1. Just to be sure, is residue 81 part of a helix (DSSP H, G or I) and either under 23 Å from the mean Cα position of the chain (by Cα) or at pLDDT below 75 (or both)?
2. So, in segment 96-115, how many residues would count as being outside any helix (DSSP H, G or I) and more than 39 Å from the chain's Cα centre (by Cα)?
3. Specify the residue that is modelled with the lowest pLDDT; the eligible residues are those in segment 1-25 that are exposed (fewer than 11 other Cβ atoms within 10 Å of the Cβ) and in a loop (DSSP other than H, G, I, E, B).
């Protein structure tokens, strides 16, 4: 019982040991002592039990890790899609010229100069439309309890959308 820390499990192992001893083809005459043989069988059964428990624990940890990762990915994917839909909806609500400028800058990665030339407006007007679009989007996301964080990377602005906790 010291090795298993469970009385019923220890009793079951002892019974299995006697069954294994009974089923063995070793005659008692060939054995020096029956007790030593029983002890070896019991010791091997306890070691097998510990090996099975360790293996089972490894599988449980693997499954736990795998499923928690999948759950995280699924919820992250759902949140990302919800935020993308929200962003798309809010972009559609922008004034027409402001929306055009924003899409050309963000979706088509055009420069202010290229947008200005394409729409026949000044670069300053492009900048003003972008400021207005970003301000309106920030306000809309705050209403939805979402923080829109803009990050400047290499001259272009990227958006990270973070939900307040």
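The values are calculated or read from the model by the stated rules, or taken from the named source; none is laboratory data. Remember, it's a predicted structure, so these values are computed and weren't measured experimentally. Here the Cβ is made from the backbone with ideal geometry for all residues, glycine too, and neighbour counts use every protein chain on show.
1. Working: part of a helix (DSSP H, G or I): yes; either under 23 Å from the mean Cα position of the chain (by Cα) or at pLDDT below 75 (or both): yes.
Here the answer is yes, as residue 81 does meet what is asked.
2. First, the residues of segment 96-115 that are outside any helix (DSSP H, G or I): 107-111.
So of that shortlist, the ones also more than 39 Å from the chain's Cα centre (by Cα) come out as none.
The number of residues fulfilling the criteria is 0.
3. Our first condition is that a residue be exposed (fewer than 11 other Cβ atoms within 10 Å of the Cβ); within segment 1-25, this holds for 2, 5, 7-8, 15, 22-23, 25.
With in a loop (DSSP other than H, G, I, E, B) added as a condition, the list becomes 2, 5, 25.
Values: 2: 63, 5: 72, 25: 68.
Ranking the candidates gives 2 first.
Every residue, every condition in (1) exposed (fewer than 12 other Cβ atoms within 10 Å of the Cβ); (2) farther than 23 Å from residue 84 by Cα; (3) modelled with pLDDT under 75, yes or no:
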site: 112; (1), (2), (3): no, yes, no
site: 121; (1), (2), (3): no, yes, no
site: 125; (1), (2), (3): no, yes, no
site: 128; (1), (2), (3): no, yes, no
site: 133; (1), (2), (3): no, no, no
site: 140; (1), (2), (3): no, no, no
site: 146; (1), (2), (3): no, no, yes
site: 152; (1), (2), (3): yes, no, yes
